[in-house]
Amino acid sequence: MLKVGLTGGIASGKSVVGEMFVALGAHLVQADRIARTLMQPGQAVYNEVVRRFGREILNPDGSVNRTKLADAAFGSTPSADDKSSRVEELNRIVHPAVIRSQDEWMEKIGRQDSHAIAIVEAALILEADAAKRFERLIVVTCSDEQRVARFAARQKLDLEAARKEVERRMAAQLPEAEKIEAADYVIDNSGSLDQTREQVHRIWEKLHADASGKST
């Protein structure tokens, strides 16, 4: 089995790329979905997040309001140091549990299929110091303008509000240049879907060869 990390900045198109790999035969899990599960009421991560960030981040039914949690973690007015410390506090709670779940998932896939390509899609692989858990790292990129436009469409925001939110969240991540430098493969998702798909196909052939070589 080949363990692959798929990462990139906000609204770069990681999920679209991940779906393209799945269509070719890859197994995929999304760290964001794992985190959502861990933040359900009754989970240990949920309890700790509420304890640290307060019940103000909750919806009336007790579920976590992700927008309110993001506001609490990233902050709209605090100093840069305060923002950083609150984001790091949240990451220290969530990341270890998400990484454990990812590792368990990859082990399960490996038991089922020794030829498998198991892809973990996660925005903060490098920031969480989790890159060493993967044998290949793919980074998805796009232009700043596309990033803002995609985020605006996804969140139903105007472009100016989307730009501010994207900048706020990107400030808590490694610069894209550092992610590219760490990558084994880079997918430029600035063009058409067909152009992105061509890049995915080329990389898939290499991943498939690597996975087959490991199992022989």
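Worth a mention:
- Only one entry in LYS14, LYS3 is in contact with a Gly (Cβ under 6 Å, 6 or more places away or on another chain) and within 30 Å of GLY191 (Cα to Cα), namely LYS14.
- Residue-level check: of (1) more than 17 Å from VAL87 (Cα to Cα); (2) of a type outside the set (Val, Ile, Thr); (3) under 16 Å from the mean Cα position of the chain (by Cα), SER63 misses just (3).
- ARG168 meets all of the listed conditions (1) under 25 Å from VAL4 (Cβ atoms); (2) at pLDDT below 95; (3) in contact with a Phe, Trp or Tyr (Cβ under 7 Å, 6 or more places away or on another chain) but one, namely (1).
- Qualifying residues in segment 93-151 (those that are hydroxyl-bearing (Ser, Thr, Tyr) and under 15 Å from the mean Cα position of the chain (by Cα)) - the one nearest to ALA31 (Cα to Cα): SER101
- Total residues in segment 176-196, condition buried (at least 17 other Cβ atoms within 10 Å of the Cβ) and in a helix (DSSP H, G or I): 3
- Helices (runs of 4 or more DSSP H) fully within segment 1-116 that include at least 1 residues being closer than 30 Å to GLU205 by Cβ and touching a helix residue (DSSP H, G or I) at 6+ places or on another chain (Cβ under 8 Å): 14-24, 31-38, 80-112.
- Any hit, segment 166-176, residues being without any contact (Cβ under 8 Å) to a residue 40 or more places away in the chain, within 19 Å of VAL16 (Cβ to Cβ) and not charged (D, E, K, R): no
- Screening GLN173, GLN199, GLN195 for residues that are modelled with pLDDT under 95, polar (S, T, N, Q) and closer than 17 Å to LYS14 by Cα leaves exactly one candidate, GLN173.
- One residue stands out in segment 127-155 among those that are without any contact (Cβ under 8 Å) to a residue 40 or more places away in the chain and not small (Gly, Ala, Ser): the one that is surrounded by the fewest Cβ atoms within 10 Å (Cβ to Cβ), namely LYS132.
- Verdict on ARG86 being out of contact with any strand residue (DSSP E or B) (no Cβ under 7 Å at 6 or more places or on another chain), at pLDDT 95 or above and basic (Lys, Arg): no
- Residues in segment 102-126 that are surrounded by 19 or more Cβ atoms within 10 Å (Cβ to Cβ) and of a type outside the set (A, V, I, L, M): GLN102, GLU121.
- ASP158 fulfils the conditions (1) free of Cβ contacts under 8 Å to residues at least 60 places away in the same chain; (2) touching a strand residue (DSSP E or B) at 6+ places or on another chain (Cβ under 8 Å) except for a single criterion, (2).
- No other residue among VAL17, VAL29, VAL87 is touching a Phe, Trp or Tyr at 6+ places or on another chain (Cβ under 7 Å), within 27 Å of GLU198 (Cβ to Cβ) and touching a residue at least 12 places away in the same chain (Cβ under 8 Å) apart from VAL29.
- Scoring VAL16 on the criteria (1) surrounded by fewer than 18 Cβ atoms within 10 Å (Cβ to Cβ); (2) of a type in the set (A, V, I, L, M); (3) touching a strand residue (DSSP E or B) at 6+ places or on another chain (Cβ under 8 Å) leaves a single failure, condition (3).
The values are calculated or read from the model by the stated rules, or taken from the named source; none is laboratory data. What you see is a predicted model; the values in this text were computed from it and never measured. For neighbour counting, all protein chains shown are included, and Cβ atoms are generated from backbone atoms with ideal geometry for every residue, glycine included.
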